[in-house]
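So the structure is just underneath, and the comments pick up after that.
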Amino acid sequence: MTEINSDSYFSIKFENDKFVFIDQTKLPLEEVYVETSDYERIAEAIERLEIRGAPAIGISAAYAVTLSMKNLPLKSYKEKFNLAFKRLEQTRPTAVNLFFALKEIQKVFNQFQNHENLYDLLLAKSKEIHQNDIDFCNRIGENGAKVFTKKSNVLTHCNTGKLATGGNGTAFNVINVAYKNGLVNIVYADETRPLLQGLRLTAFELEKNKIPFAVLTDSMAAVLMQQSKVDIVITGADRIALNGDSANKIGTYNLAVLCNFHNIPFYIAAPSTTIDRTIPTGEDIIVEYRNKSEILRIKNQQIAPENYDAFSPAFDVTPSHLITGIITEKRVNFFPYNFINE
Ligand code: MRU
């Protein structure tokens, strides 16, 4: 029988020169950990969403490139680094945390590429990126809990907890801290089609944290709001433009529009590593399109004929004017946003 408490699982860990991750595609029915020192295995895990969530993807990519440099002769450093770096860069296009972490690793490589302790230096940087995310998650939780003005019914989308980050989560940690402060009645978790991160992962984490919850299909959010059963919506983000336009899991934009109509506050919670300082607006965000089989099948079970065409964006972009506030580790920002100095 699997233990039900928040310390009984982790998403990613680096231990004894090995990277360990929980295979999120098997949750919540099986808690299976995979141990590897192969960067290619980590790249595949990111592509298959065994590892997922913007911050977790970035941290894992940093460890992956680091591992690719282990026990190499100095003369092979450059070729192998470029190979691993390019492989990881191509895993998923939307979460900017991936590119942020890879750039941080690249800076260390560029500075110490002739250093015999390169692996240790890259590992120190990967651990620093990981530790920063742990700290960011804690501060996001503390900052975000302050937006609760009363004991609330909260709705969230996709998964933003420990599974999606290096620490205790972003939007999930806001909810968790608010719950511990007596400010949450119930959490409604959207199932989050097509890959069911809400039903499989957020519900798993809510149960582990002993937070009261109910799951719903994505199309049920409107009626829940119409019945005045939602006081606040909080989600994460995968990339935030300088003006606050935010990419997050497909279906987030629907919620922001619904909140606007029903006059419900809609918040995004994300670390500053999710802000892309190179793009002025959300128009420049590259949205990943996934294989149509993810729509035509549920957990590999064929639901509709393979020859059907399908529309399969993994993310949508919510325009900043629909976002009441963006919670980072630094503060709660309010519309109109300007993240140049964040
Ligand atoms: O496709 P996924 O599962 O990686 O998408 C994840 C999300 O959209 C999360 O909401 C986002 O990465 C924030 S995670 C703290």
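Taking segment 166-203 as the range and being touching a Gly at 6+ places or on another chain (Cβ under 7 Å) and assigned to a loop (DSSP other than H, G, I, E, B) as the test, the residues that pass are 168, 169, 170, 191, 192. Only one of the listed residues (250, 275, 279) is over 30 Å from residue 26 (Cβ atoms), assigned by TED's automatic domain parsing to the domain that holds residue 158 and under 14 Å from the mean Cα position of the chain (by Cα). That residue is 275. Residue 208: out of contact with any Asp or Glu (no Cβ under 8 Å at 6 or more places or on another chain), touching a residue at least 40 places away in the same chain (Cβ under 8 Å) and crowded, with 18+ Cβ neighbours inside 10 Å, yes or no? The answer is yes for residue 208.
Could you give every pair whose Cβ atoms fall below 9 Å, whose first residue belongs to segment 183-198 and is outside the structural domain of residue 303 (by TED's automatic domain parsing), and whose second residue is assigned to a strand (DSSP E or B) and modelled with pLDDT of 95 or more, counting only separations of at least 6 or pairs across chains? If the second residue must be assigned to a strand (DSSP E or B) and modelled with pLDDT of 95 or more, no pairs are left. Residues that are surrounded by fewer than 19 Cβ atoms within 10 Å (Cβ to Cβ), without any contact (Cβ under 8 Å) to a residue 12 or more places away in the chain and more than 16 Å from the ligand (Cβ to nearest atom) do not occur anywhere in segment 150-166. Checking segment 211-220 against the condition returns no match, with no residue being out of contact with any helix residue (DSSP H, G or I) (no Cβ under 6 Å at 6 or more places or on another chain), at pLDDT 95 or above, closer than 20 Å to residue 140 by Cα and not hydroxyl-bearing (Ser, Thr, Tyr).
Looking across segment 20-44, the residues that are in a loop (DSSP other than H, G, I, E, B), surrounded by fewer than 24 Cβ atoms within 10 Å (Cβ to Cβ) and within 16 Å of the ligand (Cβ to nearest atom) come down to 23, 25, 26, 27, 28.
For segment 287-319, filtered to residues that are polar (S, T, N, Q) and more than 17 Å from residue 197 (Cα to Cα), the residue that is farthest from the chain's Cα centre (by Cα) is 307. Is segment 56-68 home to any residue that is among the hydroxyl-bearing types (Ser, Thr, Tyr), within 16 Å of the ligand (Cβ to nearest atom) and either touching a Gly at 6+ places or on another chain (Cβ under 8 Å) or closer than 18 Å to residue 166 by Cβ (or both)? Yes, segment 56-68 has at least one match. Taking into account only those residues within segment 231-243 that are in contact with a strand residue (DSSP E or B) (Cβ under 9 Å, 6 or more places away or on another chain) and more than 21 Å from residue 261 (Cα to Cα), which is farthest from the ligand (Cβ to nearest atom)? That would be 242.
When you check residue 206 against the structure, is it part of a helix (DSSP H, G or I), more than 11 Å from residue 155 (Cα to Cα), touching a Gly at 6+ places or on another chain (Cβ under 9 Å) and not assigned by TED's automatic domain parsing to the domain that holds residue 9, yes or no?
yes
The values are calculated or read from the model by the stated rules, or taken from the named source; none is laboratory data. Computed from a prediction, not measured in an experiment: that's the story for all the values here. All Cβ positions, glycine included, derive from the backbone under ideal geometry; neighbour counts span all protein chains shown.
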